[in-house]
Amino acid sequence: MRKNPLFLAVAFTLLAAATSAAAPQTPQPPAPQPPVPGTVYKPDFEIPKEGVPGQAKTEPLAPTEGYVIGAQDNLSIIVSDETELTGKYRVDTDGTISMPYLSRVQLAGLSLAEAQDKITTLLKAGFIRNPQVRIEVDQFKARNVLVTGEVRTPGKVTLPGTTMSLLEALALAGSPTQNASNDVLVMHPPKPGEKSPEPIMVNRKDLELGKVGRDLVLQDGDIVNVPVAKRFYISGFIKNPGSFVLDTGTTVAQAIILAGGLTDRGSDRRLTIIRSEGGKSVEISAKMEDKVQPNDEIKVKSRFF
């Protein structure tokens, strides 16, 4: 049977409409709306800026930690918005500087932070309402440590900066000689109005091994003394009899180890020490745990069998 063309057209149209309704529809984004006049766009978040290249920061620099101002230092003092006060100042031998408005100001013996506070307080007392002061060391004076005793080149050692380690000072003094004690004495100069502090004793071997001395920092005016080594002697049935450097606290057992140990005939129970007491030499019985004293002579006797 022949179908009507009009009927076919209507059928195809209805079929296409049904297929379009069954297929999933992809949502379309809303059309952008024009901005309302007079409003300012603000982003959801802002990326912090690191600063404009070439533009100096306005925050004051932190003062050198622990540094104490001394005579002959050259200081750079910056007072914000005060060109008359900002400049270079040399600390005189009496520890003072000459500053406009303030005349003489005592700064030696103060840390940089204390000096800043002092000048700020003085300027605030009638000169400037809210002074902003920053102090930096423009040039350090020549600072020295004196190394004496059993080193190859005793004398003054110039500090490369404000401080120096004990190992550096010993190395610059030519290192200790063969007669040097393992005990090194460090003496700090007393502060004004205070008593001289007790000397600090450091074992050089422990220092070289990094066991001690990491917190011991030398400053201007310190004295390092490397004394002549105290010695002890050991003889008898020992592998290497002779003279040895005595470290503080050395025991008889440690002395025997330094001398190479006992021979096959040596006895660790037949030990004596010849010691000077009251100007006379006396021989006393010794045990392995006894402490050795300077100039002691340890005698190792043979076994009975």
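The values are calculated or read from the model by the stated rules, or taken from the named source; none is laboratory data. Here the structure is a predicted model, which is why all the values come from computation and not from measurement. Heads up, the Cβs are rebuilt from the backbone with ideal geometry, glycines too, and the neighbour counts pull from every protein chain shown.
When the residues of region 136-154 are filtered to those that are under 25 Å from the mean Cα position of the chain (by Cα), part of a loop (DSSP other than H, G, I, E, B) and of a type in the set (D, E, K, R), which remaining residue is surrounded by the most Cβ atoms within 10 Å (Cβ to Cβ)?
First pass over region 136-154, keeping only residues under 25 Å from the mean Cα position of the chain (by Cα): 136-148.
From the residues that got through so far, the ones that are part of a loop (DSSP other than H, G, I, E, B) too are 140-143.
From the residues that got through so far, the ones that are of a type in the set (D, E, K, R) too are 141, 143.
On the way: LYS141: 14, ARG143: 22.
Out of the qualifying residues, it is ARG143.
Filter region 136-169 down to the residues that are under 19 Å from ASP220 (Cβ atoms) and among the hydroxyl-bearing types (Ser, Thr, Tyr) and list them by number.
Passing the criteria: THR148, THR158, THR162, THR163, SER165.
Just the residues that are touching a residue at least 60 places away in the same chain (Cβ under 8 Å), of a type in the set (A, V, I, L, M, F, W, C) and more than 17 Å from LYS239 (Cβ to Cβ), please, taken from region 279-305.
Hit for region 279-305 is VAL292, nothing else.
Residues that are of a type outside the set (A, V, I, L, M, F, W, C): list the strands (runs of 3 or more DSSP E) wholly contained in region 238-289 that include at least 3 such residues.
Numbers: elements: 242-245, 266-277, 280-286.
The qualifying strands (runs of 3 or more DSSP E) are 266-277, 280-286.
Could you tell me how many of the residues in region 217-268 are touching a helix residue (DSSP H, G or I) at 6+ places or on another chain (Cβ under 6 Å) and without any contact (Cβ under 8 Å) to a residue 60 or more places away in the chain?
Of the residues in that region, 1 qualify.
List, please: which pairs have Cβ atoms under 7 Å, are six or more places apart or on different chains, and start with a residue in region 79-107 that is under 17 Å from GLN139 (Cα atoms) and end with one that is of a type in the set (S, T, N, Q)?
The qualifying pairs are LYS88/ASN74; LYS88/SER76; ARG90/ASN74; VAL91/GLN72; GLY95/GLN106; THR96/GLN106; LEU107/THR96.
Check VAL133 against each of (1) surrounded by 15 or more Cβ atoms within 10 Å (Cβ to Cβ); (2) more than 15 Å from LEU218 (Cβ to Cβ); (3) without any contact (Cβ under 8 Å) to a residue 24 or more places away in the chain and name the one condition it does not meet.
(3)
Here is a list: LEU218, LEU246, LEU209, LEU172. Which entry is farther than 22 Å from THR162 by Cα, among the aliphatic types (A, V, I, L, M) and under 22 Å from the mean Cα position of the chain (by Cα)? Steps first, please.
Working: LEU218 fails: farther than 22 Å from THR162 by Cα; LEU246 fails: under 22 Å from the mean Cα position of the chain (by Cα); LEU172 fails: farther than 22 Å from THR162 by Cα.
Matching residue, one of LEU218, LEU246, LEU209, LEU172: LEU209.
Which of the numbered conditions does GLY221 fail, given that it passes all the others? Conditions: (1) closer than 30 Å to LYS156 by Cβ; (2) in contact with a Gly (Cβ under 6 Å, 6 or more places away or on another chain); (3) part of a loop (DSSP other than H, G, I, E, B); (4) not acidic (Asp, Glu).
Failed condition: (2).
Of the conditions (1) among the hydrophobic types (A, V, I, L, M, F, W, C); (2) touching a residue at least 40 places away in the same chain (Cβ under 8 Å); (3) part of a strand (DSSP E or B), VAL157 clears all except one; give me its number.
All conditions are met except number (2).
Being over 30 Å from PRO100 (Cβ atoms) and among the basic types (Lys, Arg) narrows it down to one residue among ARG129, ARG152, ARG143, ARG134; which is it? Explain how you work it out, then say what you get.
Details: ARG129 fails: over 30 Å from PRO100 (Cβ atoms); ARG143 fails: over 30 Å from PRO100 (Cβ atoms); ARG134 fails: over 30 Å from PRO100 (Cβ atoms).
Result of the check over ARG129, ARG152, ARG143, ARG134: ARG152.
Does at least one position in region 259-281 carry a residue that is within 17 Å of ASN182 (Cβ to Cβ), modelled with pLDDT of 95 or more and either within 45 Å of the chain's Cα centre (by Cα) or surrounded by fewer than 13 Cβ atoms within 10 Å (Cβ to Cβ) (or both)? Spell out the reasoning first.
At the first step, the residues of region 259-281 found to be within 17 Å of ASN182 (Cβ to Cβ) are 259.
Filter again for modelled with pLDDT of 95 or more, leaving 259.
Add one more test, that the residue is either within 45 Å of the chain's Cα centre (by Cα) or surrounded by fewer than 13 Cβ atoms within 10 Å (Cβ to Cβ) (or both), and what stays is 259.
Scanning region 259-281, I find at least one residue that is within 17 Å of ASN182 (Cβ to Cβ), modelled with pLDDT of 95 or more and either within 45 Å of the chain's Cα centre (by Cα) or surrounded by fewer than 13 Cβ atoms within 10 Å (Cβ to Cβ) (or both), so the answer is yes.
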